[in-house]
Amino acid sequence: MSLNMKTATAKATAVNLEERKALDLRAGDTVKVSQKIQEKGKTRLQVFEGLVLARKHGTEAGGTFTVRKVSAGYGIERIFPLYSPLIDKIEIIRRAKVRRSKLYYIRTKAAKEINRQMRNTRVVTKAEDVEVVAKEIVEEKA
């Protein structure tokens, strides 16, 4: 373990175990996770907001949850330990009704949606082509 990791965990506050155990975190929830980040001797909070895809190992000591968000067109997933002292707070923003305990299919669903949007876009290279495409669009609407 590096020296930075030891100092980061030493400055982390104790976790309220009962509060985290009572947190009813499920797949389909939209959550805000505030995590403590150690940079240049200072500690700051970084918020990661996204959809909970999975919850693993329940309320035991090694329990984790996976959160996915889309940032700048890229899907980003992070796995957070439920009882990590580096997590300051977990807020449940929205709760969706889902029929699965693991929502891994969201990954492919998002990819299919992006592919569909890319099919509908047209690549235009020259100014003359812009006029031709504009005429085609007007003719399609008429």
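Restricting segment 27-43 to residues that are basic (Lys, Arg) and modelled with pLDDT of 90 or more, the residue that is nearest to Arg107 (Cα to Cα) is Lys32.
Scanning segment 31-42 for residues that are within 11 Å of Ile93 (Cα to Cα) and surrounded by fewer than 16 Cβ atoms within 10 Å (Cβ to Cβ) returns a single hit, Lys32.
Considering only residues that are among the basic types (Lys, Arg) and more than 14 Å from the chain's Cα centre (by Cα), look in segment 104-116 and name the one that is modelled with the lowest pLDDT.
In the first step, residues of segment 104-116 are kept if they are among the basic types (Lys, Arg); the result is 107, 109, 112, 116.
When the remaining residues are screened for being more than 14 Å from the chain's Cα centre (by Cα), the result is 109, 112, 116.
Values: Lys109: 86, Lys112: 84, Arg116: 80.
Among those residues, the one meeting the criterion is Arg116.
Pairing residues of segment 79-103 that are modelled with pLDDT under 90 and loosely packed, with under 13 Cβ neighbours inside 10 Å with residues that are part of a loop (DSSP other than H, G, I, E, B) and among the basic types (Lys, Arg), at Cβ distances under 6 Å and at least 6 apart in sequence or on separate chains, gives no pairs at all.
The residues on offer are Gly28, Gly50, Gly58, Gly63, and the sole one that is within 24 Å of Leu17 (Cα to Cα) and surrounded by fewer than 10 Cβ atoms within 10 Å (Cβ to Cβ) is Gly58.
The values are calculated or read from the model by the stated rules, or taken from the named source; none is laboratory data. As the structure is a prediction and not an experimental result, all values here were calculated from the model. Glycine also receives a Cβ, built like all others from the backbone with ideal geometry; neighbour counts cover every protein chain displayed.
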